[in-house]
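Comments concern the structure below.
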Amino acid sequence: MRRHLLTAAVLTTAALTLTACGTTEPASDAKADKTAERITLTDASGQKVQLDGPAKTVVGTEWNIVESLISLGVDPAGVADVKGYKTWNTAVPLKNAPKDIGTRGEPSMDTIAALKPDLIVATTDLPPAAVKQLRGVAPVLAVKAADAADPVGQMTKNLDLIAKATGTTEQADKLKKRFETKLAEGKKALEGAGLAGAPYAFADGYIVSNQVSIRPFTSGSLIGGVNEKLGLKNAWTVKGDPAYGLGATDVEGLTKIGDAHFAYIGNDGDENSTPFTGVLAKDKVWTSLPFVKKGDVHRLPDGIWMFGGPESMNTYIDSVVAALTKK
């Protein structure tokens, strides 16, 4: 269920091109109307993507894409790992019953082809060979999976690109405004509670072969970027990867955080995802940490997809503000 970390391609600026020709003949008028709706975009892989009009039957190969589509008012016809999406992203639930197209890393070409989509939206995490195959089925719009240099900015760029392809730019603007408002409200609430600039560490953890692994969300992560916009100071000192801003450590690595607020997201649907209340409960290193002793450890609600879009981040903001300001 974990986010695979691969090097992302560079996102090129998306452009919406409308062309039209005029004539008085009825047949030509119909042709002109169709041409006027034609959309030309440049995706994150540098490919030109041409659509006859706003895409209606859309397939999403990654969960952040699926979330963006739903938030924009487009119910995806096909979704990779539907069960996994329902488990890990309840903040932005599916509103329809899309066809499961396989895994996020290996979507089924036959299943997607049977849906006859107008558009397939994929991330640059998907292997180039798979993208090439998908282009033989329908137009493919590739969005950059993540960018630790500007995680929040990349999130909104992806939203805008998908919105242009689906004719939902007005809804995208509303989503972005709502997100900015939520950030401002959250920052004000934290300041009011005396938490401006407070050291804060967010992580998730999991158990593999009976060993606890902890994944720090550095400033380059989407969660980390949102935290800083809320006025919190990232307490992690480890280095994150260049795409997702995610680090790796163990229980000993937590001792370097110091006296900070600590929060995490687990999942009751995955028993290996909650070591903080599981195997670590009796671990001497864990129980000796300042924030554990003070009870300053917060499990945020399940179902907030940590690599999602504005709506997931809105739910995250509400959750972390509520947790840190709770008396």
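Counting only residues that are without any contact (Cβ under 8 Å) to a residue 60 or more places away in the chain and assigned to a helix (DSSP H, G or I), region 292-318 holds 2 of them.
Restricting attention to region 220-239 and to residues that are in contact (Cβ under 8 Å) with a residue 40 or more places away in the chain and surrounded by fewer than 22 Cβ atoms within 10 Å (Cβ to Cβ), the residue that is farthest from Ala148 (Cα to Cα) turns out to be Gly231. Filter region 241-300 down to the residues that are of a type in the set (S, T, N, Q) and modelled with pLDDT of 95 or more, then identify the one that is surrounded by the most Cβ atoms within 10 Å (Cβ to Cβ). Among residues in region 241-300 that are of a type in the set (S, T, N, Q) and modelled with pLDDT of 95 or more, the one surrounded by the most Cβ atoms within 10 Å (Cβ to Cβ) is Thr249.
Looking at the structure I just gave you, is Pro93 at pLDDT below 95, out of contact with any strand residue (DSSP E or B) (no Cβ under 7 Å at 6 or more places or on another chain) and not assigned by TED's automatic domain parsing to the domain that holds Glu311? Judged against the criteria, Pro93 is not a match. Exactly one residue out of Thr87, Thr169 is out of contact with any Pro (no Cβ under 6 Å at 6 or more places or on another chain) and at pLDDT below 95: that is Thr87. Inside region 83-113, residues that are over 14 Å from Thr61 (Cα atoms), in contact (Cβ under 8 Å) with a residue 12 or more places away in the chain and part of a helix (DSSP H, G or I) make up a count of 2.
When the residues of region 41-81 are filtered to those that are of a type in the set (S, T, N, Q) and farther than 20 Å from Lys116 by Cα, the one that is surrounded by the most Cβ atoms within 10 Å (Cβ to Cβ) is Ser68.
The values are calculated or read from the model by the stated rules, or taken from the named source; none is laboratory data. Please read all numbers here as calculations on a predicted model, not as lab measurements. FYI the Cβ positions are ideal-geometry reconstructions off the backbone, even for glycines, and counts take in every protein chain you see.
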